[in-house]
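Readers should treat all values here as calculations from the given coordinates under stated rules, not as data from a laboratory. None of the values given here were measured: they were computed from a predicted structure. Neighbour counts are summed over all protein chains in view; Cβ atoms, including those assigned to glycine, are modelled from backbone coordinates with ideal geometry.
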Amino acid sequence: WVSDQAFVTLATNDIYCQGALVLGQSLRNQRATRRLVVLITPQVSNLLRVILSKVFDEVIEVNLIDSADYIHLAFLKRPELGVTLTKLHCWTLTHYSKCVFLDADTLVLSNIDELFDRTEFSAAPDPGWPDCFNSGVFVFQPSLETHGLLLQHATDHGSFDGADQGLLNSFFSSWSTADIHKHLPFIYNLSSNTAYTYSPAFKRFGSSVKVVHFLGPTKPWNYKYNPQTGSVLEEGSGLANQHQTSFLNLWWKIYQHSILPLYE
Ligand code: UDP
Ligand code: MN
């Protein structure tokens, strides 16, 4: 056990909390040996805070408006970067020496503690533009100095995609060329529709996938699930293929068996 390192996620509302809960539970199921931390914002209800604290070691509220003045300023100048700037708060967790950030729409399928052997800034390629990294899974080192530089970068340059991924890619711009050790293998951030875009690779490597990322507009919690059959309902949902369906079923299985009982 390493108590000065942590897995970190973010949920700014009760909906994304459902994703964070399943992610946290999936890390526990895989016997993660680091602390589990969730960053939340003031909109998250008291009920969800209580539930989150049953899965996570730390539930930390971050508030843009109440934070230091420079954050406030950055937020006012670029209101569209709200959630982005919130994600950047993970660099303020300086009671940890190193962390792995995971989006709330990711699911851990096997132990990923070895990610802590990597250094800042490590991430996997984005499936849409592989010279950019996907910011749904990354290794970072908390530092108020880095946090300040990131906010400054956000105020000065904004984000080319309006979100954290564009900002982080332009800040850590040497990622694609400088150090291959900072390229995480794709199995640490597999977008759930990859089996569809390159199915032979999925057939060859799919069984070693460690983290699935439900990237895009339709999240697991947007589907309907039939607890009797243990599968999501497919009508009208445009599911791409059976692999994607099996990842969704896995997400729902954890939600049904381990998260819903926490509400009782
Ligand atoms: N997020 C959040 N509330 C929101 C939108 C995003 O808490 O309203 C957080 C959450 O951790 C989420 C991450 O920001 O996983 C990135 O957003 P999302 O996963 O929706 O983007 P995608 O991966 O689909 O590009
Ligand atoms: Mn995501």
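Listed by chain and number, the lysines placed with their C-alpha closer than 29 angstrom to that of Lys210 are Lys54, Lys87, Lys98, Lys182, Lys219, Lys224, Lys253; residues fewer than eight positions away on the same chain are left out.
Would you mind ranking Cys132, Cys17 by Cβ crowding within 10 Å, fewest neighbours first?
Arranged by neighbour count, lowest to highest, Cys132, Cys17 become Cys132, Cys17.
Place a point 7 Å from the Cα of Thr94 along the Cα-to-Cβ direction; which residues of region 123-155 have their backbone N under 19 Å from it? Those under the cut-off are 140-153.
Each part gets one Cα centre, and for region 1-65 versus region 164-231 those centres are 20 Å apart.
By count of other Cβ within 10 Å, fewest leading, how are His243, His153 ordered?
Ranking His243, His153 by Cβ neighbours within 10 Å, fewest first, gives His153, His243.
Each Cα pair under 8 Å and six or more residues apart adds its sequence gap; the mean of these over the residue count of region 1-70 is a relative contact order of 36 percent. Ile112 sits among other residues whose Cβ lies under 12 Å from its own Cβ, and their net charge, with Lys and Arg +1 and Asp and Glu -1, is +1. The residues Tyr188, Tyr263, Tyr96, when put in order of fewest to most other Cβ atoms within 10 Å, stand as Tyr263, Tyr96, Tyr188. Scaling the Cα radius of gyration of the chain by the globular reference 2.2 N^0.38 Å produces a ratio of 0.98.
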